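For reference, the structure is listed below as structure tokens.
What follows draws every value from the coordinates through simple rules; no lab data is involved. Keep in mind that what you see is a predicted model, and the values were worked out from it rather than measured. Note that each Cβ is placed from the backbone with ideal geometry, even for glycine, and that neighbours are counted across all protein chains shown.
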Amino acid sequence: MARRISVAFPTLSANGSSSPTDWPGGKGDLTASGTFGGGTLTMQIQGPSGTWINVINYATITDISITGNKHAAFELPAGPVRVTLAGATGPSVTASVSGIPANVAG
């Protein structure tokens, strides 16, 4: 079985963005859980100009927007990614990204 990337972001205990991590490209899954305090977690990739761009749910045109314990699938080129929490009061949110193999059976 091929090994896939799995990266946990530091726990977000206030509004703001995590430190970026390098995504190798391909399909992945963002999983988030904890106390959201009414906030919304989004995922972003850094574009060529350095601007952070919201990531969309796989096979849709809808931005990933998580307000409770959930996961979301995505497909991205290689590049830095981060998660951002906004609108939260007293949050404690953990989030991670994991690669999804092209052959999900193996």
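Loop-only check: which trypsin sites (Lys or Arg not before Pro) in the range 1-64 are DSSP coil with at most 16 other Cβ within 10 angstrom?
In loop regions of the range 1-64 (DSSP not H, G, I, E or B), the sparsely surrounded trypsin sites (Lys or Arg not before Pro) are Arg3, Arg4.
For the chain, what is the convex hull volume of the alpha-carbon atoms per residue, in Å³? Numbers along the way, then the final one.
Details: hull volume 10.3 nm³, N = 106.
Hull volume over Cα atoms, normalised by residue count, gives 97 Å³.
Relative contact order of the chain: what whole-number percent is it, with Cα pairs under 8 angstrom and at least 6 residues apart?
Working: 260 pairs, mean separation 50.4, N = 106.
Once normalised by length, the contact order is 48 percent.
Contour minus end-to-end for Ala14 and Lys70, with contour as 0.36 nm per residue of separation and end-to-end as the Cα-Cα distance? Spell out each step's value before the answer.
Details: separation 56, 0.36 × 56 = 20.16 nm, distance 1.90 nm.
My answer for the length gained is 18.3 nm.
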